[in-house]
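Peer 1: Below is one structure. I have some questions about it.
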Amino acid sequence: MISSKHLLLLAMLILLAMISFLLSLLSGSVDLSLGQLLRELFQPQNDLAGQVLREIRIPRALAAFTTGGLLALAGVIMQVLLRNPLADPYILGISGGAAVGALSAILLGLGGWWMSNAAFAGALLSVVLVFGIANKFGRWSVTRLLLTGVVISAGWGAVINVLLTSSSSNNVQSMLFWLMGDLSQSRVGFGHLTVLLAGILGGLYLSRSLNVLVRGELVAASLGVNIKAMRLLLYLSASLLTATAVTIAGSVGFVGLIIPHMLRLLGARDHRLLLPCSVLLGGSFLVIADALARTIIAPQQLPVGVVTAIIGVPSFLVILRSSIKK
């Protein structure tokens, strides 16, 4: 039973999401007042402010929120699947495969649609490799899956270094921005939003099984959960969410790691609450981080992954200290 305290938390996160969008729409090298923003939203004008708002800031804020929501949701699923509080969406090498695909496209002079699809293809290739090796001879476990993912991730890292060192100086900056996470050219489409919505609804449908699974596989099996099918479903779901996220913004770190921990400390341990709250907080966190990335050294912009790391490292240390005290 979700208590009034939990409903209050959900309401506060919805309010935070609205505030983060407002902050994002007002932030940037072109100054916009709140009055201008409201006028452009309800009475669009074909002026500079309107063009900046419609063509840059609104699509970028939506991309940031969608990416943050996808990563936070994938982080929750990975931590349940691996039963490891340090698990994040990238731990099984998905981001490495995506990076190789995206950097290869940049090296060939391709961009936009080609780069996004190359990243998605690389992520799916990594998923197939990790699962295929971990599931060899039909025997796979959480430990085998984790170790396989770490090894594949290291292999992708070596390929990434080769691509960086063999690229011209013109391509290196684009590659580094992608590797650090960048929302400057990001746009979301119907497919991205569909994956996020399906992840939320599917997670809520399986929330009772997830609540049982965190207590251990023996307990879950004794209560009727099909462990093998559940592990496969969770792995594929987290992989799809992560692959979708990296095609939007590249490798944005810390979102999938710290957001679930923050919410658990706030009392959101029931997955019926944790999953939607993770999407709201993860999306809001990345929207705010992107607003900071655009304004800290304006008119220049930082990769959003740099800001998430600056915020994420001390935040995780605080979370870790709080967890130890408990």
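The values are calculated or read from the model by the stated rules, or taken from the named source; none is laboratory data. Please read these numbers as outputs of a predicted model, since none were measured by experiment. Every residue, glycine as well, gets a Cβ built from its backbone with ideal geometry; the counts of neighbours run over all protein chains shown.
Peer 1: From the residues in the stretch 1-57 that are β-branched (Val, Ile, Thr) and assigned to a helix (DSSP H, G or I), which one is farthest from Leu292 (Cα to Cα)?
Peer 2: Step by step, filter the stretch 1-57, then rank; the result is Ile14.
Peer 1: Restricting to the stretch 103-120, what's the tally of residues that are buried (at least 19 other Cβ atoms within 10 Å of the Cβ), within 12 Å of Ala243 (Cα to Cα) and more than 16 Å from the chain's Cα centre (by Cα)?
Peer 2: 1
Peer 1: Look at the stretch 243-275 and say how many of its residues are hydroxyl-bearing (Ser, Thr, Tyr) and closer than 20 Å to Ile311 by Cβ.
Peer 2: Within the stretch 243-275, residues that are hydroxyl-bearing (Ser, Thr, Tyr) and closer than 20 Å to Ile311 by Cβ number 1.
Peer 1: In the stretch 189-231, how many are of a type in the set (A, V, I, L, M, F, W, C) and not in a helix (DSSP H, G or I)?
Peer 2: Adding up the residues that qualify gives 4.
Peer 1: Can you name the residue in the stretch 134-159 that is surrounded by fewer than 18 Cβ atoms within 10 Å (Cβ to Cβ) and among the aliphatic types (A, V, I, L, M) and, of all such residues, is modelled with the lowest pLDDT?
Peer 2: Of everything passing the filter in the stretch 134-159, Val142 is modelled with the lowest pLDDT.
Peer 1: Within the stretch 215-228, can one find any residue that is at pLDDT 90 or above and in contact with a helix residue (DSSP H, G or I) (Cβ under 6 Å, 6 or more places away or on another chain)?
Peer 2: Within the stretch 215-228, none of the residues are at pLDDT 90 or above and in contact with a helix residue (DSSP H, G or I) (Cβ under 6 Å, 6 or more places away or on another chain).
Peer 1: Just the residues that are hydrophobic (A, V, I, L, M, F, W, C) and either touching a His at 6+ places or on another chain (Cβ under 6 Å) or free of Cβ contacts under 8 Å to residues at least 24 places away in the same chain (or both), please, taken from the stretch 46-73.
Peer 2: Across the stretch 46-73, the qualifying residues are Leu48, Ala49.
Peer 1: Within the stretch 112-140, which residues are touching a helix residue (DSSP H, G or I) at 6+ places or on another chain (Cβ under 7 Å) and not in a helix (DSSP H, G or I)?
Peer 2: Trp140
Peer 1: Of the residues Leu292, Leu274, Leu213, Leu280, only one is crowded, with 23+ Cβ neighbours inside 10 Å, of a type outside the set (Val, Ile, Thr), over 23 Å from Gly122 (Cα atoms) and in contact with a Ser or Thr (Cβ under 9 Å, 6 or more places away or on another chain); which?
Peer 2: After ruling out the rest, the residue left standing is Leu274.
Peer 1: Okay, next question. Filter the stretch 20-43 for residues that are free of Cβ contacts under 8 Å to residues at least 24 places away in the same chain and exposed (fewer than 13 other Cβ atoms within 10 Å of the Cβ) and give the result.
Peer 2: Hits for the stretch 20-43 are Asp31, Ser33, Leu34, Gly35, Leu38, Phe42, Gln43.
Peer 1: With respect to Gly305, determine if the residue is touching an Asp or Glu at 6+ places or on another chain (Cβ under 8 Å) and either among the acidic types (Asp, Glu) or part of a helix (DSSP H, G or I) (or both).
Peer 2: So Gly305 fits the description; yes.
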